[in-house]
Every structure is written in C-alpha cells, then in structure tokens.
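Okay, structure first, notes after.
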Amino acid sequence: MTRNKDNRKKLEGQYRALEEHLQKIAHEKSKPMEMIDQGLIAHWEKTVANCRQNIAKLERRLSQ
C-alpha cells in the first residue's frame, strides 16, 4: 500500500474515533448533573485532543 493511501485510511479512522468520542461526551453531559461522571469526560476529552493532533499530523503528511 502506498504511503498516501495508508495515511488516508489512518485519517479516516481518526475522524471516526473523534466523532465517536464527541458523541460519548455529549451523551454523558446530557445526563442529570448528579449522574455525570467527570472522570470519564476528562478521559474522553484527552482522547479527543489526541485524535485532533493525529489528524493534523496526518493532514500535513498528505499535503506534502
């Protein structure tokens, strides 16, 4: 597989993971205040930040 094709597949996976985690955060925040798990939200926010960094890196690789 060529590098660009491999990077496009990785990029697609990162976008999917990003969307899934954003949905998880929204779902958790929609719960009543006393039921919200702040630790879980913090974990997913870190994962979202990591996905965004990976997306930026992969997009830079594709543009070269």
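Data for the structure
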{"read-out": "Residue pairs meeting the criteria (Cβ under 9 Å; at least 6 apart or on separate chains; first on the phi > 0 side of the Ramachandran plot, in the stretch 4-18; second surrounded by fewer than 16 Cβ atoms within 10 Å (Cβ to Cβ) and basic (Lys, Arg))", "value": "none"}
{"read-out": "Sole residue being of a type in the set (S, T, N, Q) and modelled with pLDDT of 95 or more, chosen from 2, 47", "value": "47"}
{"read-out": "Per-region count, the stretch 1-36, residues among the acidic types (Asp, Glu) and either outside any helix (DSSP H, G or I) or closer than 30 Å to residue 64 by Cβ (or both)", "value": "4"}
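The values are calculated or read from the model by the stated rules, or taken from the named source; none is laboratory data. As the structure is a computational prediction, the values presented were derived from the model and not from experiment. All Cβ positions, even for glycine, are placed from backbone atoms using ideal geometry, and neighbour counts span all protein chains on display.
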